[in-house]
Amino acid sequence: GYLYWITGRYISANELHEVSLSDSRTLQDENLLWETLNNTAVNLEYIGNFELAKTYYFEAVQILQRIGDRWQEMRLLINLGNACVGLEAYESGRTYLEDALRLTLELKDEYYQAACLHGIGYLELRLRRLKEAEDVFFQSLIL
């Protein structure tokens, strides 16, 4: 599925991701499951299914919180926040992105801090809050 995704064959990738997701659920391996949920959700965004992507990201975040992997949780909170923005669920998107931002600061991860700030900047842009968007995008670029 990943190979098809990176080569732009999103429909075929989705079919394979769904098979992998089903297998991951059957195996009951939470580490495999959260990663499969994330990969499937990323692909779903590329084919425009933000609603199902959001559902999968949310499930993956819950698994990561349960197993205590804060670094992966941070990454998936960014994905979840961005998916919410794509659905115009701006308050939810802001909440997830701000939660991710707190984790980036706690974990001292500037790369994902920049990615998170970019997501917040895009949210501000979608809300037509241009000054706020500019400020956040600038912070992201500095990082």
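If Lys and Arg each add +1 and Asp and Glu each add -1, what is the summed charge of the other residues whose beta carbon sits under 11 Å from the beta carbon of residue 64?
That works out to -2.
Along Cα→Cβ, 7 Å out, is where each label goes; now give me the distance between the ones at residue 98 and residue 138 in nm to one decimal.
So the two model labels end up 2.2 nm from each other.
How far apart, in nm, are two points set 7 Å out from the Cα along the Cα-to-Cβ line at residue 90 and at residue 9?
It works out to 4.0 nm between the two label points.
Which longest run of the chain has no exposed loop site in it, a site being trypsin sites (Lys or Arg not before Pro) in a DSSP loop with at most 16 other beta carbons within 10 Å, and the site itself not part of the run?
10-107
Report the full-extension gain for the segment residue 105 to residue 70: residue separation times 0.36 nm, less the Cα-Cα distance, to one decimal in nm.
Net length gain for the segment: 11.4 nm.
For the chain, what are the DSSP H helices with axial Cα length of 20 Å or more and mean Kyte-Doolittle hydropathy of at least 0.0?
Once both thresholds are applied, what remains is 50-67, 70-86.
Of all accessible surface on the chain at a 1.4 Å probe, what whole percent is carbon and sulfur?
52
List the relative contact order of the chain as a percent without decimals, with contacts defined as Cα pairs under 8 Å and 6+ residues apart.
14
Which whole-number percent gives the relative contact order of region 59-143, counting Cα pairs below 8 Å spaced six or more residues apart?
Once divided by the residue count of region 59-143, the mean separation gives 23 percent.
Helix-derived [θ] at 222 nm for the chain: sum -39500 (n - 2.57) over DSSP H runs of at least 4, divide by residue count, nearest 500?
-28500 deg cm²/dmol
The values are calculated or read from the model by the stated rules, or taken from the named source; none is laboratory data. In this text the structure is predicted, and so the values were computed from the model without any measurement. Cβ coordinates were reconstructed from backbone atoms using ideal geometry, including for glycine residues, and neighbour counts include every protein chain displayed. The protein model used for the area step is the full one, side chains on, heavy atoms only, and it has no ligands, DNA or RNA in it. Shrake-Rupley method; radii C 1.70, N 1.55, O 1.52, S 1.80 Å.
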